[in-house]
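Scroll down for the structure; my scribbles are underneath it.
The values are calculated or read from the model by the stated rules, or taken from the named source; none is laboratory data. Only a predicted model underlies this, so the values are computations on that prediction, with no experimental measurement involved. Here the Cβ positions follow ideal geometry from the backbone for every residue, glycine too, while neighbour counts run over all protein chains shown. Note: accessible area is taken over every heavy atom of the protein model, side chains too, but ligands, DNA and RNA are not part of it. Shrake-Rupley method; radii C 1.70, N 1.55, O 1.52, S 1.80 Å.
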Amino acid sequence: MHLPHIAPDKMAAVLRGMPKAELHIHIEGSLEPELIFALAQRNGVVLPYASVEALRAAYAFTDLQSFLDIYYAGASVLLTEQDFFDMAWAYLSKAAADNVVHTEIFFDPQTHTARGVPMGTVIQGLQRACQQAQQTWGLSAQLILCFLRHLSEEEAFATLEAALPYRDAFIGVGLDSSEKGHPPEKFERVFARCRELGLRIVAHAGEEGPPAYIWSALDILKVERIDHGVQSIHDPALMQRLAQTRMPLTVCPLSNIKLCVFPDMTQHNLKQLLDAGLCVTVNSDDPAYFGGYLNDNWVQLFSALGLGIREAYQLAFNSFEASFVDEATKRGWERQLKSYFEGLREHD
Ligand code: ADE
Ligand code: ZN
């Protein structure tokens, strides 16, 4: 496809207006400090922070674990179905404003069931928000249930069992939380059962952990996408496998900077991964904690790495290609993307 020349100072507007999919967003990571305090008050939960400002000031992370400790504390205010609806609705409103046409949303049920919140409360609140986003904006939203990898295989099986009455409310399963020391193979049997159930399969791998975890996510869990995967750069054979199979990577630029995976955005390896032929996508991970929603990730990444219109088209195309929707729906969004870029030419 012929792409028009876009002046660098016009790229941000092009990126913001472009139709796109988001494939890596933890809904609990979209909980803004203001909403955390509002829900704490509504539910009579006492927080270990005096104010919104004090909470925000604690968002100075040194690695994944330093973030997770605060992220799980923030989620402690979620108790009722309305709480889960309100959290998801706030995210979906921002996604719609960012011209996201499709989003696949992670949720961590064990963070809530461990506090006595019923599985149905979590799933039904999130599902209602997803349905309302479709009706309100035509924004397509699906749920992916994540198992917490710092917990046991037995607890993951119990979580799956508790979620099965709501099987139609989520399209797949993922694996998140503390990566180092918790390799994918710990969950081999749970994921085998999920595959039998016809669930789509993803896993966080190679965020902080070694390339070996990406190999085992592929070969043992049999994932259909790798979440993060940026550490694959250290393993040429793995890079070749990922490129040849067009295995999608859901990369999260601002997350990687805030969690010190790269020292700053100019050092991010997304362009190297893209140039090596990998099916890379751009995502926000935990936008309330990492300084921006999806469009902020696109704009800051493009500015720091000096990326242009060709990369914008390729990365947005990849976001649709890597999504878990039927082929006809993908083709429809890809046509929408193409006409967006064709429309730019008239104003060039
Ligand atoms: N849970 C929420 N965000 C996460 C991340 N970036 N890595 C692992 N688990 C997470
Ligand atoms: Zn993540």
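Numbers for the structure displayed
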read-out	value
Number of positions in the range 1-52 that are within 16 Å of ligand 1 (Cβ to nearest atom), assigned to a helix (DSSP H, G or I) and not acidic (Asp, Glu)	4
Among residues of the range 240-285, those that are of a type in the set (Gly, Ala, Ser) and within 18 Å of the chain's Cα centre (by Cα), counted	2
So residue 208, is it open to solvent by 40 Å² or more (accessible area, probe 1.4 Å), at pLDDT 95 or above and more than 13 Å from ligand 1 (Cβ to nearest atom)	no
Enumeration of residues in the range 60-86 that are more than 16 Å from ligand 2 (Cβ to nearest atom) and either over 19 Å from the mean Cα position of the chain (by Cα) or within 18 Å of residue 293 (Cα to Cα) (or both)	60, 62, 73, 76, 77, 78, 79, 80, 81, 82, 83, 86
Where a residue in the range 15-33 is free of Cβ contacts under 8 Å to residues at least 40 places away in the same chain and its partner, wherever it lies, is more than 16 Å from ligand 2 (Cβ to nearest atom) and part of a strand (DSSP E or B), with Cβ under 8 Å and at least six apart	none
Any hit, the range 311-319, residues being out of contact with any strand residue (DSSP E or B) (no Cβ under 7 Å at 6 or more places or on another chain), assigned to a helix (DSSP H, G or I), open to solvent by less than 30 Å² (accessible area, probe 1.4 Å) and modelled with pLDDT of 95 or more	yes
Members of the range 143-168 that are touching a residue at least 40 places away in the same chain (Cβ under 8 Å) and open to solvent by 70 Å² or more (accessible area, probe 1.4 Å)	155, 165
Qualifying residue in the range 231-241 (condition: touching a residue at least 12 places away in the same chain (Cβ under 8 Å) and within 27 Å of residue 91 (Cβ to Cβ))	no
Residue count, the range 62-88 (criterion: crowded, with 18+ Cβ neighbours inside 10 Å and within 22 Å of residue 123 (Cα to Cα))	15
Hits in the range 55-65 (condition: touching a residue at least 24 places away in the same chain (Cβ under 8 Å) and more than 11 Å from ligand 1 (Cβ to nearest atom))	59, 62
Residue check for residue 129: crowded, with 22+ Cβ neighbours inside 10 Å and within 21 Å of the chain's Cα centre (by Cα)	yes
